[in-house]
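The values are calculated or read from the model by the stated rules, or taken from the named source; none is laboratory data. No experiment lies behind these values; they were computed from the predicted model shown. With ideal geometry, Cβ positions are generated from the backbone for all residues, glycine too; neighbour counts draw on all protein chains shown.
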There are 2 protein chains.
Amino acid sequence: MSEPIDPDLLAATDRLVDERRQRYLDRLRDYVRMPSVSAEDLGVAETGAYIRDVLADGGFDARLLPTAGHPAVLARRDGPPGSPHVVIYGHYDVQPAGDDALWDSPPFAPEVRGGKLFGRGTADNKGQHLAHVIATELLVELTGGLPCTVTFVLDGEEELGSPHLEPALLAVRDQLAADLVLVSDGPMDPTGRHQLVYGLRGVLAFEMSATGAARDLHSGHFGEIAPNPLWTLVHLLASMKDSDGTITIDGVNELVAPMGEAERAAMAALEPDPATVLATIGAPKLAPSPAATLGERSMARPTLTINGLHGGYDGPKIKTVLPHTAVAKCDLRLVDGQDADTVWRLVQEHVRRHAPGVRLTRHGAMHPSRTPMDTPYAAPVAHAVRAVTGREPLHVPVAGGSLPMWVFTRSLGLPALLLPFGNYDEANHAPNENLDLTCFYQGIRISAAVLLALAAEGRVRRSGTGTP
Amino acid sequence: MSEPIDPDLLAATDRLVDERRQRYLDRLRDYVRMPSVSAEDLGVAETGAYIRDVLADGGFDARLLPTAGHPAVLARRDGPPGSPHVVIYGHYDVQPAGDDALWDSPPFAPEVRGGKLFGRGTADNKGQHLAHVIATELLVELTGGLPCTVTFVLDGEEELGSPHLEPALLAVRDQLAADLVLVSDGPMDPTGRHQLVYGLRGVLAFEMSATGAARDLHSGHFGEIAPNPLWTLVHLLASMKDSDGTITIDGVNELVAPMGEAERAAMAALEPDPATVLATIGAPKLAPSPAATLGERSMARPTLTINGLHGGYDGPKIKTVLPHTAVAKCDLRLVDGQDADTVWRLVQEHVRRHAPGVRLTRHGAMHPSRTPMDTPYAAPVAHAVRAVTGREPLHVPVAGGSLPMWVFTRSLGLPALLLPFGNYDEANHAPNENLDLTCFYQGIRISAAVLLALAAEGRVRRSGTGTP
């Protein structure tokens with residue numbers, strides 16, 4: 001067990017957060033009001049400078065970290081000598097707002113309705129990392145400093161897939177020699193429980209395009225004469241995953257690193273009821289799969305999804321045409337061991353072997369990320385959640401999502417945990433994105449408790465009395 | 001050999017056709033000027049009545065034959081007692097004009113350019129059956145009557161797939177006890193040679209639609225959990241035809257009636273050069289097929305074409321969506337022995353067995369048609385073509401096309417031959433449909449020669465001196 005967090009300090013942060021609800025809401029509103037749409041290059045530079053200044057005002061040594069694209073913000077404030085070092089990752093860029101007409105209030109004119117703040121970026125991710133920023137300010141105010149060293153890394157390109165984050169962080173890796181990376185992004189459990197996520201699946205998105213004749217032809221004249229790109233893609237796709245759901249791209253399954261004991265136990269504890277899942281998605285039955293459990297389907301195995309497949313006639317009734325082009329878009333979800341670059345090479349080889357004429361385009365990739373469940377800093381984080389909410393967080397061995405956790409775990413060799421603060425219906429990436437203000441205020445309190453608990457764990461570990 | 005056609009009569013028809021070019025062109029123009037778009041119910045009744053009156057004026061006992069849809073025109077004029085009876089099938093309905101802007105002159109304001117008459121229905125099929133009608137008028141004018149009994153059947157729904165023709169003709173089958181059915185529709189060979197076509201492939205068009213969840217889902221959350229209708233269709237389609245081109249729907253191949261010796265020889269004589277075919281369609285290679293020759297691909301075997309396949313994301317780059325619906329549209333081309341209704345039952349059973357949740361919709365069907373190549377009236381028809389053009393027609397055992405020849409061969413038990421009069425670039429079903437006027441005038445002369453040759457063959461057969 002971790003050393004208890006100082007109860008007076010916890011009570012003091014609670015009281016201050018309660019008193020300052022309006023002030024913190026205003027700060028979040030100011031931040032959300034600044035568009036920072038990386039995909040549209042809208043307001044990104046201004047917003048990065050803004051949050052850098054906020055951190056500098058909070059006593060951080062804050063600067064813009066240049067990348068080959070939009071800059072990240074890098075900000076460090078040291079705790080007591082020998083205290084743990086935690087990197088808090090978030091992102092200040094936001095998704096495009098999409099069609100304004102679908103929003104009940106303008107995406108960049110945040111509005112409170114029913115206890116939630118509506119606006120693009122409220123939950124994803126401004127509110128979630130702002131909670132951490134405010135928590136550091138509170139601790140400084142109450143104790144004169146931070147209980148441990150904190151480095152913020154705020155990405156300006158997360159919504160683009162963080163294409164330039166890895167080299168930028170590798171260039172400053174000596175400043176990132178941390179004990180733990182903590183990320184708050186995405187939603188909590190539908191029941192409102194917090195989740196502590198240890199691993200993330202990776203993703204590899206690609207497109208396969210096939211061509212036959214130079215133009216569409218009459219199927220009666222050329223039915224088995226001209227190559228049909230739809231048949232080419234159908235047979236190619238069928239060679240990549242069989243009808244029982246097993247991926248059959250040579251070598252891809254062999255890469256999977258099996259889960260450990262702790263992960264399998266945690267996965268089993270989370271096993272959902274299939275009937276409930278089916279009712280939720282409105283499907284008559286589950287997809288075919290050789291997996292024994294739903295947990296295995298979503299945590300232990302790679303998946304191959306056809307996102308879209310289009311070719312030929314798309315009108316009413318029939319047109320006896322033989323199409324001359326067709327395109328399939330797919331994504332592979334990758335689990336631990338399945339390096340995205342290695343899998344990409346295997347996909348290329350598979351396509352070359354089975355359908356040499358098909359053109360393959362890679363659209364984006366994210367390596368999987370894994371942090372062992374026995375990482376020593378998981379216990380204090382869970383302890384902090386319990387201290388603030390009264391409930392143990394769910395321990396999730398592997399989740400989905402597209403966060404660049406791999407940059408920390410794979411490239412920097414750091415343990416990285418995900419602890420989302422958002423409400424389940426945050427509608428990230430959708431119109432009417434929102435952050436429940438209860439979640440926001442609770443996030444501040446949890447963040448403060450986490451920093452205190454990590455410091456306490458660090459003290460225990462240094463004195464050699466704790467369970468590692 | 002057939003008895004030669006009276007050379008003086010032939011010369012006389014030639015001379016009259018030459019003298020009356022303008023008059024016949026005007027008649028065709030008048031006919032094309034009348035829209036008769038069965039799919040849009042545009043002018044069909046008026047046009048049917050018009051061509052009935054034309055036939056009545058030519059001495060035919062002509063009437064509208066009611067069907068469950070647009071009426072056909074039935075018109076008979078007897079030849080000498082004991083002379084052969086030939087049914088000439090054509091259709092007075094036309095394809096929709098489509099976008100007027102794609103026509104160089106209005107589709108129903110026919111215009112001559114470069115020796116061709118442009119307008120919807122010029123070649124498909126008004127000009128082709130009008131050539132036969134004019135030929136009968138000429139023979140009556142020159143000889144006082146027809147050399148054999150002629151019954152015109154002019155369909156008002158061919159462009160809809162002749163859905164009501166069979167019961168309508170069965171109801172008057174005693175009036176259709178003919179020796180031969182002759183159809184002129186479609187184009188000649190690209191080199192301008194006439195083709196005598198003995199069999200037509202059938203077609204069965206259908207749609208397969210699959211559903212997964214109630215809405216599109218995130219592939220990261222539900223990748224191997226929610227059923228993906230695109231995977232369902234990919235695996236279903238792959239179970240219907242394998243990657244070497246063999247149709248694998250149980251029972252479908254077993255129905256194929258093998259070609260006879262004469263048909264195989266005729267097919268071999270027509271074998272095209274693969275390199276020329278590839279150059280024409282602009283494809284790098286042929287479709288996979290277990291067939292040994294191009295002739296087999298287009299004449300001897302059924303084909304299964306995916307006309308269109310659509311589901312999921314269709315925008316740029318990638319969207320990690322798991323679609324909830326997908327639709328495939330297909331057509332099967334059927335060869336002799338493959339009754340369309342039997343094949344439809346086999347397709348239904350196959351889908352039920354391999355993908356029970358997939359909804360199957362039949363969009364249209366045409367049985368295959370076959371007339372033995374040794375049918376005794378093929379020789380005089382070929383003889384007539386030689387007499388007029390100086391060249392032997394190509395003898396084509398099986399062609400594509402969607403004519404209801406099966407109503408005559410399968411339902412009425414009559415031999416039926418197809419002898420197209422149209423130029424290869426007639427652009428039927430497309431903008432700027434046209435009929436080369438040389439083809440039109442030559443069609444009149446060939447038709448007259450055919451009727452004379454059939455009568456001569458009938459006399460030979462009756463006197464027992466001919467080769468049957």
Since A:Pro71 meets every condition but one in (1) free of Cβ contacts under 8 Å to residues at least 60 places away in the same chain; (2) closer than 24 Å to A:Pro167 by Cβ, which condition does it not meet?
(1)
Mind checking which residues of the range A:304-321 are at pLDDT 95 or above and more than 7 Å from chain B (Cβ to nearest Cβ)?
A:Leu304
Contact list, first residue from the range B:16-31 and of a type outside the set (Ser, Thr, Tyr), second anywhere and at pLDDT 95 or above, beta-carbon distance below 6 Å, six or more apart or interchain, is B:Leu16/B:Leu138; B:Val17/B:Tyr441; B:Val17/B:Ile444; B:Val17/B:Arg445; B:Leu28/B:Gly127; B:Leu28/B:Leu130; B:Arg29/B:Pro110
Hey, B:Pro272 hits all of (1) more than 8 Å from chain A (Cβ to nearest Cβ); (2) part of a helix (DSSP H, G or I); (3) under 26 Å from the mean Cα position of the chain (by Cα); (4) not small (Gly, Ala, Ser) but one; which does it fall short on?
(2)
Check the range B:368-390 and report whether any residue there is farther than 22 Å from B:Met259 by Cβ, part of a loop (DSSP other than H, G, I, E, B) and hydrophobic (A, V, I, L, M, F, W, C).
no
For the range B:200-219, check the following and say yes or no: at least one residue is under 22 Å from the mean Cα position of the chain (by Cα), outside any loop (DSSP other than H, G, I, E, B), under 30 Å from B:Thr438 (Cβ atoms) and at pLDDT 95 or above.
yes
Of the residues in the range B:281-303, those that are facing chain A (nearest Cβ under 10 Å), on the phi < 0 side of the Ramachandran plot and surrounded by fewer than 17 Cβ atoms within 10 Å (Cβ to Cβ) come to B:Pro284, B:Lys285, B:Pro290
Residue that is nearest to B:Val343 (Cα to Cα), among those in the range B:236-261 that are at the interface with chain A (Cβ under 10 Å from one of its Cβ atoms), small (Gly, Ala, Ser) and touching a residue at least 40 places away in the same chain (Cβ under 8 Å):
B:Ser239
Where a residue in the range B:213-234 is of a type in the set (Asp, Glu) and its partner, wherever it lies, is assigned to a helix (DSSP H, G or I), with Cβ under 8 Å and at least six apart
B:Glu224/A:Arg297; B:Glu224/A:Ser298
Filter result for the condition that a residue is of a type in the set (Lys, Arg), closer than 19 Å to B:His85 by Cα and more than 12 Å from chain A (Cβ to nearest Cβ), over B:Arg410, B:Arg391
B:Arg410
Yes or no: B:Val388 surrounded by fewer than 24 Cβ atoms within 10 Å (Cβ to Cβ), within 20 Å of B:Ala131 (Cβ to Cβ) and in the same structural domain as B:Leu169 (by TED's automatic domain parsing)?
yes
Which count do you get for residues in the range A:395-407 that are under 17 Å from A:Gly90 (Cβ atoms) and more than 14 Å from chain B (Cβ to nearest Cβ)?
3
Quick one: in the range B:89-142, which of the residues that are assigned to a loop (DSSP other than H, G, I, E, B) and either small (Gly, Ala, Ser) or not assigned by TED's automatic domain parsing to the domain that holds B:Asp26 (or both) is surrounded by the fewest Cβ atoms within 10 Å (Cβ to Cβ)?
B:Gly114
